[in-house]
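Heads up: the structure comes next, in structure tokens.
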Amino acid sequence: MKSDQPIRMAIIGVGRNLMGMHAPCLIKHPRFTITAVCDTDPDALRAGRSYFDCLGYVTADAMLAAGNFDFVLVMVRSNDHCHIALKSLEAGYHTLVTKPWGINADEIGRMIETADRVKRRILFWAPVRWAADLEFLKNEKAVIGELQIIRRMHTTCSLRDDWQIWKRYGGGYLLNWGPHLLDQVMVLADSPVKSVNADLRQFWNPGDTEDAFKATLEFENGILAEVELTQSPIAFPNWMLQGKSGAICVRDAREAEVRKLKAPSAEREDEYRQNFEIETSRHSIKGDPYGDAKDVYDAIADELNGSSAYRMDSAQALEVAIVLDAIRESAENGLKVTL
């Protein structure tokens, strides 16, 4: 693709996620131009065509056959991600898939294999790699010494009643939130996952799938991590990092407290215990806790134009999916899963 021209983009699936997160960025992004949208729902299709002032198609097959674009964004229900992405790749288009990318690692592996075979790029939407709190922790974690424990929690308190509460559509909070939370923890740990022990629960949402999960991960470098999405009227800290010489707590993704242990004084306070001195600093984290969509799409354009690599490569996306599969297996069987 020529770097001096906008990338012609088509979108399959005109839903709340597209119109709430992607569309406001894409409509004014100088490096993309939307030439077509596709949706089986007439009202959604009409809204997408009107918003982007572009062509509209009822079926993905018709849109992919018509062409006049170079890049496809797949925004359909989770259970349709894989087969729609495969169609796009086979038709000759670079393809971006929103999370959860695929229902399982097998689907994501098939996308990667197809992209390699047809010599097209498959990209996976991973905006939290640009999250302000993650960037802060990457920069500050050395302050607390050798990292020992990571706790990552997202608290929500809501009742939803859409396709996300049904297994047949690939719903459930593990696939909805798991890719975001798990990927961030894996970035910080910077080591392969050794084992997984997990639990899935349904607090109060209707449907037939979980609305909460908790997973304990052991990494090959010895780091222990807890990754949790929970339903609660009390918001818990987003992050707790413990190192051998300190700790970091992040609340509301915006306020951080860093406590660093200093060497104890020379004089012992008593024969039983000598307390550490603690150096405390507080920080306001600036920026988007979910990643700025403009920055993410800039990185996508750079990848497509060959100027720089996207932050998440295919192997990393597949690794996240393998761990998500292990979390579900552990929860369903009540056993620790070794990878």
Principal axis dimensions, largest first and in whole angstrom, of segment 269-327 by Cα: 65, 34, 19
query: Between residue 285 and residues 5 or more places away or on another chain, which pairs have amide H atoms under 5 Å apart, with H built 1.01 Å from N, and which residues are they?
result: 255, 256
task: Kindly flag which residue pairs out of 141/262; 214/286; 99/286; 141/260 have an alpha-carbon separation exceeding 21 Å in this structure.
output: 214/286; 99/286
Contact order normalised by residue count of the chain, Cα under 8 Å, 6+ apart, percent: 17
Using θ = phi - 60° and Karplus 6.51 cos²θ - 1.76 cosθ + 1.60, couplings along segment 126-141 (whole Hz; Gly, Pro as x): 9, x, 6, 5, 9, 5, 5, 5, 5, 4, 4, 5, 4, 7, 9, 4
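Counting only chymotrypsin sites (Phe, Trp or Tyr not before Pro) that sit in a DSSP loop (anything but H, G, I, E, B) with at most 12 other Cβ atoms within 10 Å, what is the longest stretch of the chain containing none of them?
On the way: sites that count: 204, 272.
Of all site-free stretches, the longest is 1-203.
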query: Between 20, 92, 56, which gets the highest mean-square fluctuation from a Gaussian network model of the chain, Cα cutoff 10 Å?
result: 20
- request: Sketch the reach of a paramagnetic label on residue 232 as a point 7 Å from Cα along Cα-to-Cβ, and name the residues of segment 99-143 whose backbone nitrogen lies under 13 Å away.
  value: none
- prompt: With every protein chain present, what is the per residue accessible area of segment 16-115 (1.4 Å probe, Å²)?
  reply: 42
message: So if each residue of separation counts as 0.36 nm, and I subtract the Cα-Cα distance between residue 106 and residue 245, what length gain in nm does that give?
response: 46.0 nm
field: Å² per residue, accessible surface of segment 117-270 at 1.4 Å
entry: 46
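Taking all protein chains in place and a 1.4 Å probe, what share, in percent, of the accessible surface of the chain do carbon and sulfur account for? Kindly include the intermediate steps, with their values, before the conclusion.
Details: 7760 of 16230 Å².
Whole-percent figure for carbon plus sulfur exposure: 48.
Net charge around residue 114, counting only other residues with Cβ within less than 13 Å of its Cβ (Lys, Arg = +1; Asp, Glu = -1)?
On the way: positive: 87, 110, 117, 119, 120, 121; negative: 90, 106, 107, 113, 116.
In short, +1.
Based solely on its DSSP helices, what 222 nm [θ] is calculated for the chain when runs of n ≥ 4 H residues each add -39,500 (n - 2.57) and the sum is averaged over all residues, nearest 500 deg cm²/dmol?
Details: 9 runs with 105 residues, N = 339.
So the helix-based figure for the chain works out to -9500 deg cm²/dmol.
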- prompt: When the C-alpha atoms of segment 138-226 are aligned to their principal axes, what extent does each axis show, in angstrom, from largest down?
  reply: 44, 24, 18
message: Need the C-alpha centroid separation for segment 280-314 versus segment 18-60, integer Å.
response: 23
Long-range HN-HN contacts of residue 195 with modeled amide H, under 5 Å: 218, 339
message: Using the Karplus curve 6.51 cos²θ - 1.76 cosθ + 1.60 with θ = phi - 60°, what ³J(HN,Hα) values do you get for each residue of segment 161-174, in whole Hz, with x for Gly and Pro?
response: 8, 9, 5, 5, 9, 10, 4, 5, 9, x, x, x, 6, 5
task: With θ set to phi - 60°, apply the Karplus curve 6.51 cos²θ - 1.76 cosθ + 1.60 along segment 42-48 and write out the HN-Hα couplings as whole Hz, x wherever there is a Gly or Pro.
output: x, 5, 5, 4, 4, 5, x
statement: SASA check, residue 318, accessible area w/ 1.4 Å probe, all protein chains in place, rounded to nearest 10 Å², comes out at 50
message: What does the charge count around residue 28 come to, taking other residues whose C-beta lies under 15 Å from its C-beta (Lys +1, Arg +1, Asp -1, Glu -1)?
response: -2
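Please compute the Kirkwood hydrodynamic radius over segment 49-92, one decimal place, Å, based on all pairs of different Cα atoms.
Working: mean 1/r = 0.0883 Å⁻¹.
In segment 49-92 this quantity evaluates to 11.3 Å.
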- request: Please identify every one of the GluC sites (Glu not before Pro) in segment 186-287 that sits in a loop by DSSP and has no more than 10 other beta carbons within 10 Å of its own beta carbon.
  value: 267, 269, 271
query: With each pseudo-label sitting 7 Å past Cα toward Cβ, what's the residue 305-residue 204 distance in nm, one decimal?
result: 4.8
message: Under the 0.36 nm per residue contour assumption, what length would be gained going from the current alpha-carbon distance of residue 254 and residue 17 to full extension?
response: 83.0 nm
message: Can you divide the C-alpha Rg of the chain by 2.2 N^0.38 Å and report the result to two decimal places?
response: 1.09
statement: Over its alpha-carbon atoms, segment 241-339 yields an Rg and a Dmax in Å of 21.8, 66
message: Which of 78, 88, 245 ends up with the largest GNM mean-square fluctuation for the chain, with Cα atoms connected below 10 Å?
response: 245
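The values are calculated or read from the model by the stated rules, or taken from the named source; none is laboratory data. Note that the structure is a prediction, hence the values are computed from the model and not measured. We place every Cβ from the backbone using ideal geometry, glycine too, and count neighbours over all the protein chains shown. These accessible areas exclude ligands, DNA and RNA; they are computed on the full protein's heavy atoms, side chains included. Shrake-Rupley method; radii C 1.70, N 1.55, O 1.52, S 1.80 Å.
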